[in-house]
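S.K.: Before I ask anything, let me first share the structure, which is written out below as structure tokens.
The values are calculated or read from the model by the stated rules, or taken from the named source; none is laboratory data. Only a predicted model underlies this, so the values are computations on that prediction, with no experimental measurement involved. Cβ sites come from the backbone with ideal geometry, for glycine too, and all protein chains shown count toward neighbours. Surface areas here come from the heavy atoms of the whole protein model, side chains and all, with no ligands, DNA or RNA. Shrake-Rupley method; radii C 1.70, N 1.55, O 1.52, S 1.80 Å.
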Amino acid sequence: MLKIKRVPTVVSNYQKDEAADESVGCGRNCLSACCINGARLPLYACKKLEISVVGEKPVEPPVAFLESLVLGEWEDRFQRGLFRYDVTACETKLIPGKYGFVAQLNEGRHLKKRPTEFRVDKVLQDFDGNKFNFTKVGQEELLFQFEAGEDGEVQFFPCMPLDADNSPSVVAINVSPIEYGHVLLIPRVLDCLPQRIDHKSFLLALHMAAEAANPYFRLGYNSLGAFATINHLHFQAYYLAMPFSLEKAPSKKMITTINGVKISELLSYPVRSLLFQGGNSMQDLSDTVSDACICLQNNNIPFNILISDCGRQIFLMPQCYAEKQALGEVSAEVLETQVNPAVWEISGHMVLKRKEDYEGASEENAWRLLAEASLSEERFKEVNALIFEAIGCSNQDELEGTVVHQQNPSNQKSNRTHGGPITSGTASECIVLQ
């Protein structure tokens, strides 16, 4: 059995102490049944609440959602010392070149980890309540509840009970942030959903992107096998006031669905990816991407998602880095960086752990690292065929081939040979030790 020694990103202050505290009782003011009675949080709703609370009247938010709730509440937790390090002290620079990769030196993020076993060969895994999950976070790490509806009427309730019988979706801080305002969106947190895409949860993430109304606020998702470190459904989000490299890549239109969703293939980018946009409604766009993700999950293909442009553009990146890593087929030079290409790295925000990599950061080095995660051209076509069949667009004669040039990228090439489902006899015998 092959094993990889790796440690997970700590996303909660209670994650590292879980094993030591098990025999002592709770005492954490967590989200489990022992502590949730009487818990209250602000509630931001994109629709009129169906059930009102006596004495509670909705208050119209005085300022924009992003600044008032995400950044304002995040800054409050920052001042209270709830983060493992000061992300504002991390050095950041724009890497010279046509792609505009962003490099950050974040030496503190890979420290203070606890060892656990985490499989890389299965995208779909059952929720395990004995392992760390978001019901074990302290309530002080939660910022607010978030609901989204269809009528678009925004309401804000400053202090609403957490209804254990109607599992709320919550926004929490990531205590190991990679940017100012780094948060987690945890759909229906008390339902203890495993890390897998479903239609309802993905639509909620799109609502959050649209409600933020800021193109520099993006949401990201990592599947199991694509560097999700917690098997409890969550999206990540933060604000970065510059375009990602992925967003600037040219694309070729492949097909338009019956509901008006345009699907394109990115060109001249180190990780082969699909771009979804348009649709007759946000629901149509959400359902199409959800169907594509569910197809990948059912075929055991790891992937990452970037929700961009206020929910109007969604990038889907199937990848195979963990498979190649488990088989010993990632170059030693890339492995030495200790960088795991998850959604933010693939999008162009390179979070580097060693000063030497930061000082020597170049477009060539970023390309080389990300190319290790990409599917081969042949496998990418096979995966696209699976996706098109899943969304009802399997007729390849409909492919349109319109090229959209958003930028003039360089003509760099990559050596990409992996990316099939992880099957028995290869990486299926691999375990990542985190």
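S.K.: For the stretch 146-299, what does the accessible surface come to per residue with a 1.4 Å probe? Please give it in Å².
M.R.: 29
S.K.: In what sequence, highest mean first, do 161-170, 77-86, 97-106 appear when ranked by Cβ atoms within 10 angstrom?
M.R.: Peptide ranking by packing, descending: 97-106, 161-170, 77-86.
S.K.: What do you reckon, how do Phe227, Phe217 stack up by accessible area (1.4 Å probe), largest on top?
M.R.: Phe227, Phe217
S.K.: Please list Asp126, Asp309 from largest to smallest accessible area, probe radius 1.4 Å, with all protein chains kept in place.
M.R.: Asp126, Asp309
S.K.: Students often check this: by mean Cβ neighbours within 10 Å, which of 128-137, 331-340, 284-293, 312-321 ranks highest, and how do the rest follow?
M.R.: Final packing ranking: 312-321, 284-293, 128-137, 331-340.
S.K.: Now for a different question. What is the sum of charges, Lys and Arg at +1 and Asp and Glu at -1, for the other residues whose Cβ falls under 12 Å from the Cβ of Gly311?
M.R.: 0
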